[in-house]
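This report concerns only the one structure given below.
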Ligand SMILES: [Zn+2]
């Protein structure tokens, strides 16, 4: 009891400090979680306590010295709390892509973000900082740290490392660690570099040919009705003329960050060591003097952001929200931007990057597409039945059917246009007890792939269409994309491996 009395001010201070950090920073990562059963709340309650305990350990380090607490703490608390406001109010998840977007944002956009609530929140942050500083200095808490502070710091560091070792990204994907990690990643050099093409390339591409590349997300081939799935998930595409489904495409690379760099470049799935020279389809297009645009509904990861930057233009329709956000835009909002660029006839290669069927499925489609019911209720997967998981997933497929059909209807039959759709990988839906992707599971290795072309294209290129139809029966890999796109660009004077092309 003597000890508690002696440390009364210190204990009150640490309680207040943790309360401030929890309310203004860490809790922001939990506020929009859809939870259902009591056990979901228990699970995420423990999750939150682990996170808060580790953050407390890091925060305590800043209280060990009065200058650290006077200078470093206010700056860090202010910045983290400000980002947390973005998470609370707009569902923004701070990653290196968000840091990049923030750094590159123009002053007028920043001015737009300054609103009444932001001003009130900033004042509140300053007030909390002032209160904590006042209490800390009044009671001279920097003098003689008791043993329990050091014990807490050690325990927190240990728990942080154990949790991350047990399940990577448990803590790192949440505030304040995701912001810290995002800033760190932003300043890291990209792990790949693209080689310069030294050859002089003459574009052999027909003057009016347009290539539309649609990159899907977590869409598995066997959940498309047009591929034989029992449920009517593709009512529009089922009867779409000039559509070819490549039913058996394989990739062992089952998460976006490693599959897209392979799909977009001359790297093969069999060649995981990146050996220079490395070229992307955009390297070739730009060397051939063709204009290209990337229209994305995902915040680009560092591993493929460099390929995006090779495009003539880049439009990210929702650059501040990543797939963890519960307020992410639906893919349909890519289409008006697509239409604008498609109208400009000089954009010859247009890429759309979807959020597609990425988990949490319920955020991927509007309510009108909730055909398969009941759907998932909780972010905690064990609280949903396998049937609910599959229902929600199939609703995203139904929305994909609508999305791709709508895109195709924007293209005139008289245009000489080819649309290539390829998902980055599939998804585990309970096979071998696995769910989602980025885990090893066979179901995630078969992405959906579709080819659609206009009547004009078919008229001009009967031999290509014939070959694509015959290759549709083959076992393919995602290696097909790079040489196929290059065969359309026809870069004269540039040598590439044509083996996997589906128009040869
Ligand atoms: Zn993915």
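The values are calculated or read from the model by the stated rules, or taken from the named source; none is laboratory data. From a predicted model like this one, the values you see are computed outputs, not experimental measurements. For neighbour counting, all protein chains shown are included, and Cβ atoms are generated from backbone atoms with ideal geometry for every residue, glycine included.
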Only one of these conditions is not met by residue 411: (1) more than 23 Å from the chain's Cα centre (by Cα); (2) over 28 Å from residue 203 (Cα atoms). Which number is it? (2)
Residues of the range 385-402 that turn out to be away from the ligand (no atom under 16 Å from the Cβ) and in contact with a strand residue (DSSP E or B) (Cβ under 9 Å, 6 or more places away or on another chain), as a count: 3
What residue, among those in the range 352-384 that are free of Cβ contacts under 8 Å to residues at least 40 places away in the same chain and within 16 Å of the ligand (Cβ to nearest atom), is surrounded by the fewest Cβ atoms within 10 Å (Cβ to Cβ)? 363
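Residue-wise test of (1) crowded, with 20+ Cβ neighbours inside 10 Å; (2) within 16 Å of the ligand (Cβ to nearest atom); (3) assigned to a helix (DSSP H, G or I).
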residue: 257; (1), (2), (3): no, yes, yes
residue: 270; (1), (2), (3): no, no, no
residue: 284; (1), (2), (3): yes, no, yes
residue: 289; (1), (2), (3): no, no, no
residue: 298; (1), (2), (3): yes, yes, no
residue: 303; (1), (2), (3): no, yes, yes
residue: 307; (1), (2), (3): yes, yes, yes
residue: 311; (1), (2), (3): yes, no, no
Kindly indicate whether any position in the range 7-29 is outside any helix (DSSP H, G or I) and without any contact (Cβ under 8 Å) to a residue 24 or more places away in the chain. no
Checking residue 457 against (1) more than 14 Å from residue 218 (Cα to Cα); (2) surrounded by fewer than 19 Cβ atoms within 10 Å (Cβ to Cβ), only one condition comes out false. Which one? (2)
What's the number of the only condition in (1) under 30 Å from residue 8 (Cα atoms); (2) over 25 Å from the mean Cα position of the chain (by Cα) that residue 237 fails to meet? (1)
Among the residues of the range 409-420, how many are touching a residue at least 60 places away in the same chain (Cβ under 8 Å) and either over 23 Å from residue 296 (Cα atoms) or touching a strand residue (DSSP E or B) at 6+ places or on another chain (Cβ under 6 Å) (or both)? 7
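Here is a yes/no grid of residues against (1) in contact (Cβ under 8 Å) with a residue 60 or more places away in the chain; (2) buried (at least 16 other Cβ atoms within 10 Å of the Cβ); (3) closer than 22 Å to residue 355 by Cβ:
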residue: 199; (1), (2), (3): yes, no, no
residue: 213; (1), (2), (3): yes, yes, yes
residue: 220; (1), (2), (3): yes, yes, yes
residue: 223; (1), (2), (3): yes, yes, yes
residue: 243; (1), (2), (3): yes, yes, no
residue: 251; (1), (2), (3): yes, yes, yes
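Within the range 441-461, which residues are more than 19 Å from the chain's Cα centre (by Cα) and either in a helix (DSSP H, G or I) or within 16 Å of the ligand (Cβ to nearest atom) (or both)? Steps first, answer last, please.
Step one: list which residues in the range 441-461 are more than 19 Å from the chain's Cα centre (by Cα), which gives 441-443, 446, 449-461.
Result: 441, 442, 443, 446, 449, 455, 456, 457, 458, 459, 460.
Being more than 19 Å from residue 257 (Cβ to Cβ) and outside any loop (DSSP other than H, G, I, E, B) narrows it down to one of 215, 141, 154, so name that one.
154
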Residue among 25, 21 that is under 19 Å from residue 326 (Cα atoms) and in the same structural domain as residue 157 (by TED's automatic domain parsing): 25
Just a yes or no: is a residue in the range 462-473 surrounded by 15 or more Cβ atoms within 10 Å (Cβ to Cβ), more than 16 Å from the ligand (Cβ to nearest atom) and within 12 Å of residue 251 (Cα to Cα)? no
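Please go through the range 421-434 and give me each residue that is more than 12 Å from the ligand (Cβ to nearest atom) and in contact (Cβ under 8 Å) with a residue 60 or more places away in the chain, ordered by number.
Step one: list which residues in the range 421-434 are more than 12 Å from the ligand (Cβ to nearest atom), which gives 421, 428-434.
If the condition is that a residue be more than 12 Å from the ligand (Cβ to nearest atom) and in contact (Cβ under 8 Å) with a residue 60 or more places away in the chain, then 421, 429 are the ones that fit.
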Whether any residue in the range 326-345 is surrounded by 17 or more Cβ atoms within 10 Å (Cβ to Cβ) and over 23 Å from residue 415 (Cβ atoms) is what I want to check. yes
